[in-house]
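Peer 1: Structure in structure tokens, see below.
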Amino acid sequence: MQLTHRPRRLRRSPAIRRLVQETVLTVDDLIYPLFVMEGDGEPVAIPSMPGCFRYSLERLLLEIKTIAELGIPGIALFPVIPEHQKDHQGSESFNPDGLVQRTVRAIKSLVPNLLVFTDVALDPFTTHGHDGLVDDQGRILNDETVEVLVKMAVSQAQAGADFVAPSDMMDGRVGAIRAALDEAGYPEVGILAYSAKYASAYYGPFRDALDSAPKFGDKKTYQMNPANRREALKEIALDIHEGADIVMVKPALAYMDVIYQVKMHTDVPVAAYNVSGEYAMVKAAAQNGWIDEQKIVLETLTAMKRAGADLILTYHAVDVARWLQG
Ligand code: PBG
């Protein structure tokens, strides 16, 4: 048999495989999402997210040290707001002494170089659990919500956030937040926009973690239909036009084609959110001994990079950082 093409030559040894490898996952690509709660209690395990906890501020700062020492460049912060602080308008969201604002200040004074990305959306703060304000017929109000999101983003910038990350999917919020940040004297604070965020069942465990599941209806009038791809390109283009520094596709695993297309169409960094449900599936199968957790996670995150993600928000970040260190 005479073969001209033998692609296996480039797979013969570890050395040649390393030389021709196209995509490399590194700790530099990772953002670690963290849940902070009020009080000084012990960490509270999140049953549907094994290995993830709600931390008191005090306890979270210990985690922060570990994360920084591992070389993870940034964290994404999500608050667990006690029921008595929630209201219909989510007004706790822009309290200058609120849980998020206090936590950001504490993290930045402990480890100034660790990037802090704060979530801009009302769902942890509202009694109804929606990301926006709701009228008496249960409709999510767009422009009225944007006004609150703007106050929230500015208060996070005041507290020291490096990037604000609107995850709410209201129209026009990126532009409004950009203008308000500039006007308030924070032109250097960036925007990581959850631009193509789908109405996904993969967020279930996260809503357990924050106790933030919507009390009525669903999020389909603001989050995107999972069946759509071209619409993602439109959302991305709008957010970049409005001033987004980084755009995100969320979830990641079931949306690799979207990540790929977004990457082809844009010249800003593309983030992927390896969300709670993706994490929970891997953890559950690993706990049963059905898959090799480390190999599955490294393969999956490498594939997200191959698809086009420049950075990845993932609950696996701490484990991955350790594995990559060997
Ligand atoms: C809410 C928000 C959600 C997530 C991040 N921000 C849930 C939702 O939209 O209902 C999900 C993250 C995850 O599942 O890991 N603004």
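Peer 1: Using only the C-alpha atoms of the stretch 147-230, find the volume of their convex hull and express it per residue in Å³.
Peer 2: Residue-normalised Cα hull volume stands at 122 Å³.
Peer 1: May I pose another question? In 10 Å bins starting at zero, report the fraction of Cα pairs in the stretch 67-211 per bin as a rounded %.
Peer 2: Final binned percentages: 12, 42, 37, 9, 1.
Peer 1: Right, something else. Report the FRET efficiency, 1/(1 + (r/R0)^6), for ASP257 and LEU324, where r is their Cβ-Cβ distance and R0 is 25 Å, rounded to 0.05. Can you show the working numbers first?
Peer 2: Details: r = 27 Å, r/R0 = 1.08.
FRET efficiency, ASP257 to LEU324: 0.40.
Peer 1: Trypsin sites (Lys or Arg not before Pro) within the stretch 173-238: which are DSSP loop residues with at most 16 other Cβ atoms inside 10 Å?
Peer 2: Numbers: sites: ARG173, ARG178, LYS197, ARG207, LYS215, LYS219, LYS220, ARG229, ARG230, LYS234; in loops: LYS215, LYS219, LYS220, ARG229.
Passing sites in the stretch 173-238 are LYS215, LYS220, ARG229.
Peer 1: Can I ask one more? Would you kindly find the accessible area of ILE46, with a 1.4 Å probe and non-protein molecules such as ligands, DNA and RNA excluded, rounding to the nearest 10 Å²?
Peer 2: Around 10 Å² of this residue is reachable by solvent.
Peer 1: Return the carbon/sulfur percentage of the accessible area of the stretch 1-119, one whole number, probe 1.4 Å, all protein chains in place. All intermediate terms of the calculation are to be shown ahead of the outcome.
Peer 2: Details: 3550 of 6660 Å².
About 53 percent, which is the carbon plus sulfur part of the accessible surface.
Peer 1: Can you give the accessible area of ILE16, probe radius 1.4 Å, in Å² rounded to 10?
Peer 2: Solvent-accessible area, nearest 10 Å²: 40 Å².
Peer 1: Moving to a separate point now. What Rg and what Dmax come out for the stretch 101-163 when only alpha-carbon atoms are used, in angstroms?
Peer 2: Computed over the Cα atoms of the stretch 101-163, radius of gyration and Dmax are 14.0, 46 Å.
Peer 1: For the chain, give the share of DSSP beta bridges that are antiparallel, in percent and rounded to the nearest 5; count only bridges with both residues there.
Peer 2: On the way: 4 of 39 bridges.
Around 10 percent of the beta bridges assigned by DSSP in the chain are antiparallel ones.
Peer 1: Moving on. Find me the longest stretch of the chain that has none of the exposed chymotrypsin sites (Phe, Trp or Tyr not before Pro), where exposed means in a DSSP loop (not H, G, I, E or B) with at most 12 other Cβ atoms within 10 Å. Could the numbers behind the result be given before it?
Peer 2: On the way: sites that count: PHE216, TRP290.
Counting only loop sites that pass the neighbour cut-off, the longest clear stretch is 1-215.
Peer 1: If we restrict to alpha carbons, what Rg and Dmax does the stretch 1-148 come to, in Å?
Peer 2: When restricted to the Cα atoms of the stretch 1-148, Rg and Dmax are 22.5, 77 Å.
Peer 1: Scan the chain and report its longest stretch carrying no GluC sites (Glu not before Pro) that are both in a DSSP loop and have at most 12 other Cβ atoms within 10 Å.
Peer 2: On the way: sites that count: GLU22, GLU188.
Result, exposed sites excluded: 23-187.
Peer 1: Once you charge only the Cβ atoms, +1 for Lys and Arg and -1 for Asp and Glu, what is the size of the charge dipole of the chain about its Cα centre, to the nearest 20 debye? Let's see the in-between values first.
Peer 2: On the way: 33 positive and 43 negative charges, 406 e Å.
For this selection, approximately 1960 debye.
Peer 1: In Å², and per residue, what accessible area does the stretch 1-52 have when probed at 1.4 Å with the other protein chains present? Please list the in-between numbers first.
Peer 2: Values: 3910 Å² over 52 residues.
With all protein chains present, the stretch 1-52 gives 75 Å² per residue.
Peer 1: Step through the table entries LYS108/LYS219; LYS197/LYS283; LYS215/LYS295; LYS219/LYS295; LYS108/LYS263; LYS220/LYS263, compare each Cα-Cα distance with 28 Å, and write down the pairs that go over it. Walk me through the numbers on the way to the answer.
Peer 2: Numbers: LYS108/LYS219 33 Å; LYS197/LYS283 23 Å; LYS215/LYS295 38 Å; LYS219/LYS295 34 Å; LYS108/LYS263 31 Å; LYS220/LYS263 25 Å.
The answer is LYS108/LYS219; LYS215/LYS295; LYS219/LYS295; LYS108/LYS263.
Peer 1: Right, here's the next one. Each residue of the stretch 193-203 in order: what ³J(HN,Hα) in whole Hz does its phi give by Karplus 6.51 cos²θ - 1.76 cosθ + 1.60, θ = phi - 60°, with x for Gly and Pro?
Peer 2: 8, 6, 7, 10, 10, 8, 6, 10, 6, 6, 8
Peer 1: Per residue, how much accessible surface does the stretch 176-292 expose to a 1.4 Å probe? Answer in Å², no decimals. Each step should come with its number before you reach the end.
Peer 2: On the way: 5330 Å² over 117 residues.
In whole numbers, the stretch 176-292 has 46 Å² accessible per residue.
Peer 1: Once you charge only the Cβ atoms, +1 for Lys and Arg and -1 for Asp and Glu, what is the size of the charge dipole of the stretch 208-257 about its Cα centre, to the nearest 20 debye? It would help to have the intermediate numbers written out before the result.
Peer 2: On the way: 7 positive and 9 negative charges, 48 e Å.
That gives a dipole near 220 debye.
Peer 1: Let me ask something else. Please give the direction-averaged projected area of the C-alpha convex hull for the chain, in square nanometres with one decimal. Don't skip to the end; give the middle numbers.
Peer 2: On the way: hull surface 76.8 nm².
Here the figure is 19.2 nm², rounded to one decimal.
Peer 1: Using a Förster distance of 56 Å, how high is the FRET efficiency between LEU62 and ARG9, based on the Cβ-Cβ distance and rounded to 0.05?
Peer 2: Details: r = 50 Å, r/R0 = 0.89.
The value I calculate is 0.65.
Peer 1: So how much slack lies between ASP136 and LYS295, counting 0.36 nm per residue of separation and subtracting their Cα-Cα distance, in nm?
Peer 2: Result: 52.3 nm gained on full extension.
Peer 1: How many percent of all Cα-Cα pairs in the stretch 208-326 sit more than 17 Å apart? Please report the intermediate quantities before stating the final value.
Peer 2: Numbers: 4327 of 7021 pairs.
The answer is 62 percent, as a whole percent.
Peer 1: Sticking with this structure for a sec: Using a 1.4 Å probe, how large is the accessible area of ILE296, given in Å² and rounded to the nearest 10?
Peer 2: Taking all protein chains as shown, ILE296 has close to 50 Å².
Peer 1: Only helical DSSP H runs with n ≥ 4 go in: add -39500 (n - 2.57) per run for the chain, normalise by residue count and round the 222 nm mean residue ellipticity to 500 deg cm²/dmol. Could the numbers behind the result be given before it?
Peer 2: Working: 11 runs with 127 residues, N = 326.
The helix-only estimate for the chain comes to -12000 deg cm²/dmol at 222 nm.
Peer 1: Going by Cα centres, the stretch 52-104 and the stretch 246-271 are how many Å apart?
Peer 2: A separation of 27 Å, based on Cα centres.
Peer 1: OK, next. Average projected area of the Cα convex hull of the stretch 1-83, in nm²?
Peer 2: Working: hull surface 38.5 nm².
Projected over every direction and averaged, the Cα hull of the stretch 1-83 covers 9.6 nm².
The values are calculated or read from the model by the stated rules, or taken from the named source; none is laboratory data. This is a predicted model, so every value here is computed, not measured. Counting neighbours? That spans all protein chains shown, and the Cβs are built from the backbone with ideal geometry, glycine included. The area values use the complete protein model at the heavy-atom level, side chains included, leaving out ligands, DNA and RNA. Shrake-Rupley method; radii C 1.70, N 1.55, O 1.52, S 1.80 Å.
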